[in-house]
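Inspection log for the structure reproduced underneath, given as structure tokens.
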Ligand code: MSP
């Protein structure tokens, strides 16, 4: 049983509908999963919902629903969102599922037996929005807590705590010795800086039922529920356990069913936003180490989106609704904009004008135009039959494939798209330089026309293979228009010379119809 490439996203709070930020994270993750599939690996892609906690309890109450009714309703919306984005997911976890609750409780019991927990009374400021106690360090220079924490109240509570301090030295060493453990580099430095300069406070892992009952019952004391972050992080091993991962089952003290085993753990990449890095790069590794499980190979933290230079917020109305954009422009146009606009490390700013400009310039005039005119000319001048192999663009295509392979190994998605588009630009120039429409008028230039047509359709084929992880629907359409019945889902196919003389292509049609400037987006 070989281990699959296992990738996760954060699980989203189910206290509203999905927005651009959630979509972005899932798309990055999907591209990376597809890259690994394209390289021939078996993959497993997990996403899901974080359903417990005060925020959800409050949101449900505001709608006059029980938390369960509220979550069940929204789970339908979020699951259909996964379809809308065209994600290649293998499972969808909800933290209210019994399979998850069982794993959380088993871990809590195990860590308790090891003496990792203790009880104490704590008095401090609590933010329900962040589901956490705040400290003096969380205050702004003016003394107030940031608006991002929402309402902050003073609380005095008896709770259970997880001892973290003893773990600090090995974690620092691990991050120092494994540079790819936290990426990008700026985020790695951030985590190291924090671990080296601050003493880790023990983690409060319970909430009293009297204040919050929407949570996983704490197995050691029924007057508590489990802290939502301890609950949520565990999702990453709930699913391996549910699929019979022997490593995880062994750590949980459960026996493996030999018929249904998939090896997933350790996760290859946890894709998360920069705001939840500490939970993933500090608390989660410590929890795993205490459980006796190996650490994930990488935590990849992406930046945040704003809209028109401002934080997206429902109250001011400046949110980007991915579903509206996708319905109007298509999912690949949406995927392209978010992937091309931002490097994973950076923060981004969505503007409707920027979206429209990229659509028209890069998708319609760049890729769409190249594919449409290349295939249309082959139809018109050679009845749609592929001409004899010619290699004028082969060196440039091969160079691009090599460069993109190297970039993809480092998850440099934006840079890969830049390289793909330089090949598109080069091929469009090649049309202008060779001018097949002029060659077609002179029978003495038939060989030159054959050569030009071969180079163009073959570049289109290679582009489809390179584009598949990013724009899967478009890549499949290009293959179909080329009359190819297989999927463009193997990077090995990006080798020059795949189209054979005499092959008959399908019907060309516009990939990205040009839109005028009057559209809303
Ligand atoms: N439930 C926790 C995660 C638990 S993971 C064990 C959570 N949920 S969230 O819904 O608030 O955020 C989910 C993901 O979306 C996070 O990785 C977060 O960084 C990301 N984003 C939320 N808003 C975002 C933007 N505006 N831009 C980019 N990503 C953003 O945190």
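Every number in this text was worked out from the coordinates using simple rules, so none of it is lab data. Quick caveat: nothing in here was measured; it's all calculated off a predicted structure. Positions of Cβ are backbone-derived with ideal geometry, glycine not excepted, and every protein chain shown enters the neighbour counts.
For helix 67-84, report the angle its Cα long axis makes with the longest principal axis of the Cα atoms of the chain; keep it between 0 and 90° and round to the nearest 10°.
20
State, to one decimal in nm, how far the label point of residue 313 lies from the label point of residue 353, with both points 7 Å from Cα in the Cβ direction.
Using points 7 Å along Cα→Cβ, the separation is 2.4 nm.
Taking the alpha-carbon centroid of each part, what is the distance from region 224-273 to region 325-372 in angstrom?
That distance is 36 Å.
Could you compute the FRET efficiency for residue 211 and residue 327, with r as their C-beta to C-beta distance and R0 at 51 Å, rounded to 0.05?
FRET efficiency, residue 211 to residue 327: 0.80.
Using 0.36 nm per residue, how much length does the chain from residue 66 to residue 504 gain when fully extended, once their Cα-Cα distance is taken away? Provide the component values of the computation, followed by the final result.
Details: separation 438, 0.36 × 438 = 157.68 nm, distance 5.95 nm.
Net length gain for the segment: 151.7 nm.
Summing -39500 (n - 2.57) over the DSSP H runs of n ≥ 4 in the chain and dividing by its residue number, what mean residue ellipticity at 222 nm do you reach, to the nearest 500 deg cm²/dmol?
Values: 19 runs with 227 residues, N = 521.
Result for the chain, helices only: -13500 deg cm²/dmol.
Rounded, prolate or oblate: which fits region 349-424, taking a ≥ b ≥ c as square roots of the Cα gyration tensor eigenvalues, rounded meaning a/c under 1.5, else prolate when a/b beats b/c?
Oblate.
Where a ≥ b ≥ c are the square roots of the eigenvalues of the C-alpha gyration tensor, would you call region 276-383 rounded, which needs a/c under 1.5, or, failing that, prolate if a/b is larger than b/c, or oblate?
Values: a/c = 3.55, a/b = 1.73, b/c = 2.05.
Taking the square roots of the gyration eigenvalues as a ≥ b ≥ c, region 276-383 is oblate.
What is the order of 104, 209, 331, fewest Cβ neighbours within 10 Å to most? Working shown, then result.
Values: 104 25, 209 16, 331 22.
Going from least to most buried by this count: 209, 331, 104.
Students often check this: by mean Cβ neighbours within 10 Å, which of 437-450, 337-350 ranks highest, and how do the rest follow?
Result, highest mean first: 337-350, 437-450.
Extension gain residue 222-residue 433, at 0.36 nm per residue separation less the Cα-Cα distance, in nm?
The residue 222-residue 433 span can extend by a further 68.3 nm.
Just check region 154-282 against the gyration tensor rule for me: Cα atoms, a ≥ b ≥ c as the square roots of the eigenvalues, rounded for a/c under 1.5, and otherwise prolate or oblate depending on whether a/b exceeds b/c. Let's see the in-between values first.
Details: a/c = 2.02, a/b = 1.02, b/c = 1.98.
The shape class here is oblate.
Calculate how steeply helix 98-113 sits against the longest principal axis of the alpha-carbon atoms of the chain, using the helix alpha-carbon long axis, and give the answer as 0 to 90 degrees to the nearest 10.
Relative to the chain, helix 98-113 is tipped by roughly 50 degrees.
Find how many whole Å separate the alpha carbon centroid of region 155-213 from the alpha carbon centroid of region 10-65.
The two parts, judged by their Cα centres, are 23 Å apart.
Would you list 1, 312 from fewest to most Cβ contacts within 10 Å?
Ranked by crowding around the Cβ, least crowded first: 1, 312.
Of the peptides 353-359, 452-458, how do they stack up when ordered by the mean number of other Cβ atoms within 10 Å, highest first? It would help to have the intermediate numbers written out before the result.
Values: 353-359: 17.0, 452-458: 25.1.
Listed from highest to lowest mean packing, they are 452-458, 353-359.
Angle, helix 185-197 long axis vs. longest principal axis of the chain, Cα atoms, 0 to 90°, nearest 10?
With rounding to tens, the tilt is 20 degrees.
Fully extended, how many nm does the chain gain between residue 123 and residue 415 (0.36 nm per residue separation, minus their Cα-Cα distance)?
Difference between extended and current length: 100.3 nm.
Each label point is 7 Å from the Cα along the Cα-to-Cβ direction; what then is the distance between the points at residue 441 and residue 197, in nm?
The modelled label-to-label distance comes out at 7.0 nm.
Sort 270, 197, 52, 22 by Cβ crowding within 10 Å, fewest neighbours at the top.
Arranged by neighbour count, lowest to highest, 270, 197, 52, 22 become 197, 22, 270, 52.
Sort 83-91, 25-33 by the packing proxy (mean of other Cβ within 10 Å over each peptide's residues), most packed first.
Packing proxy ranking, top to bottom: 25-33, 83-91.
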